[in-house]
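Asker: Here it is, the structure in full.
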Amino acid sequence: MKRRFLIITGTLVAFVMNFYGVAANAPSHKISPKVVSISFSGAYSLYPLTQLWAAEYNKTHPDVRFDIQSGGAGKGLTDCISGGVDVAMFSRELSPVEKAQVWSLWLCKDAILPTINAGNPYAKQIKIRGLKKAEAQAIYSDQTITTWEDLLGVSSKTPHKIDVYTRSDASGAADTWASFFGKKQDGLKGIGVNGDPGLADAVRKDVNGIGFNSYPFIYDIKTGKKFPGIDVIPIDVNGNGTIDAEENFYENVRIFEKAVNDGKYPSPPVRNLYFLLKAGTHAKPEVLEFFEWVLTDGQKFLAQAGYVPLPKGDLGASMKKLATAKTKNNT
């Protein structure tokens, strides 16, 4: 009788525990973690890298769902400040007014390059002599150079008009390119095109076109070679009217990235890339955990995606800033 009572009692206990799903000897049935969504908006230049980071992060953090939308740095900033997204992807320096509205985290670097159609009738000459800072301003802002013959100092019975392309959206790339010759995006003239992919495509389709792009939209990162139909205008850094050996680093993306790291390519158009959060708000803990992964394990994916890592000292400063933010977020 006593044995029978113990069996019945044990069965009832097991039933109750199984009903509530917390039995100690339950076979591998675990409570599913809560899925957390993190939304991003902003710079086209950071879009491919953020997608890659999200995919790699999900391999060890499947409970985080990423919603990543491009649209330009300006859109990302607006969406972040309005609370429309958790994180903005940002690709230019913040103004003093903007700095008061957001918290920024420095992630890595990339660079903007001037581009031409690979079939430009003067492509060879252009690549030999390069583009001076003053000439970039004359084409894009002052409009005192309007034909390729003007640029090269040659004459032709049928001049080739330079078809100038710029960004129509609020763009970190456009602002960075303009800042190379002391202007802002609103000081750029030309045919407005939306997005990095759109601008690259416009130049690729126009034999007389000139544009500018973040270099992952110019080079195939896997092969290191330039995408078909588009080429780079070398920058004549020392302004002597020719591209010297130490200025000739554009043929392959790895050579170009080394030039950026070595400080041979001017800044701007080298630029810093950031994640932004709305100032004065508590971020989701999962957002800051993702940021920490980005600054540690995530750094090994930069070269694969075509971005330049921060120097160790600058990366350390970003880590320290994030640690401070995490402490404040927990109070």
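The values are calculated or read from the model by the stated rules, or taken from the named source; none is laboratory data. Note that the coordinates shown come from a computational prediction; the quantities given were computed from them, not determined experimentally. Because the Cβ atoms are built from the backbone with ideal geometry, glycine has one as well, and the counts that use them run over all protein chains shown.
Asker: Yes or no: residue 249 buried (at least 17 other Cβ atoms within 10 Å of the Cβ) and over 19 Å from residue 114 (Cα atoms)?
Answerer: Values: buried (at least 17 other Cβ atoms within 10 Å of the Cβ): yes; over 19 Å from residue 114 (Cα atoms): no.
Judged against the criteria, residue 249 is not a match.
Asker: Which of (1) part of a helix (DSSP H, G or I); (2) more than 23 Å from residue 264 (Cβ to Cβ) is the odd one out, the single condition residue 216 does not satisfy?
Answerer: With respect to (1) part of a helix (DSSP H, G or I); (2) more than 23 Å from residue 264 (Cβ to Cβ), residue 216 is out only on (2).
Asker: Filter the stretch 54-93 down to the residues that are of a type in the set (A, V, I, L, M) and in contact (Cβ under 8 Å) with a residue 40 or more places away in the chain, then identify the one that is nearest to residue 34 (Cα to Cα). Lay out the reasoning, then the answer.
Answerer: To start, the set of residues in the stretch 54-93 that are of a type in the set (A, V, I, L, M) comprises 54-55, 64, 68, 73, 77, 81, 85, 87-89.
Still in the list and also in contact (Cβ under 8 Å) with a residue 40 or more places away in the chain: 64, 73, 77, 81, 85, 87-89.
Values: 64: 9, 73: 31, 77: 28, 81: 27, 85: 20, 87: 20, 88: 24, 89: 25 Å.
The residue in question is 64.
Asker: Examine the stretch 98-118 for a residue that is in a loop (DSSP other than H, G, I, E, B), buried (at least 17 other Cβ atoms within 10 Å of the Cβ) and either at pLDDT below 95 or over 23 Å from the mean Cα position of the chain (by Cα) (or both), and state whether such a residue exists. Quick ask: steps written out before the conclusion?
Answerer: The initial filter retains those residues of the stretch 98-118 that are in a loop (DSSP other than H, G, I, E, B), namely 100-101, 118.
Those still in the list that are buried (at least 17 other Cβ atoms within 10 Å of the Cβ) too: none.
No, the conditions are met nowhere in the stretch 98-118.
Asker: Somewhere in the stretch 162-170, is a residue out of contact with any Leu (no Cβ under 8 Å at 6 or more places or on another chain), in a helix (DSSP H, G or I) and either outside the structural domain of residue 75 (by TED's automatic domain parsing) or at pLDDT 95 or above (or both)?
Answerer: Within the stretch 162-170 (the criterion being out of contact with any Leu (no Cβ under 8 Å at 6 or more places or on another chain), in a helix (DSSP H, G or I) and either outside the structural domain of residue 75 (by TED's automatic domain parsing) or at pLDDT 95 or above (or both)), the answer is no, since none of the residues qualifies.
Asker: Do you know which residues across the stretch 31-53 are part of a helix (DSSP H, G or I), touching a Phe, Trp or Tyr at 6+ places or on another chain (Cβ under 7 Å) and either touching a residue at least 60 places away in the same chain (Cβ under 8 Å) or within 12 Å of residue 286 (Cβ to Cβ) (or both)? Outline the logic, then answer.
Answerer: Residues of the stretch 31-53 that are part of a helix (DSSP H, G or I), as a first pass: 44-53.
Now drop any that are not touching a Phe, Trp or Tyr at 6+ places or on another chain (Cβ under 7 Å), which leaves 49-50, 52-53.
If the condition is that a residue be part of a helix (DSSP H, G or I), touching a Phe, Trp or Tyr at 6+ places or on another chain (Cβ under 7 Å) and either touching a residue at least 60 places away in the same chain (Cβ under 8 Å) or within 12 Å of residue 286 (Cβ to Cβ) (or both), then 49, 52, 53 are the ones that fit.
Asker: Do you know which residues across the stretch 254-276 are farther than 18 Å from residue 49 by Cβ, out of contact with any Ser or Thr (no Cβ under 7 Å at 6 or more places or on another chain) and outside any helix (DSSP H, G or I)?
Answerer: 262, 263, 264, 265, 266, 267
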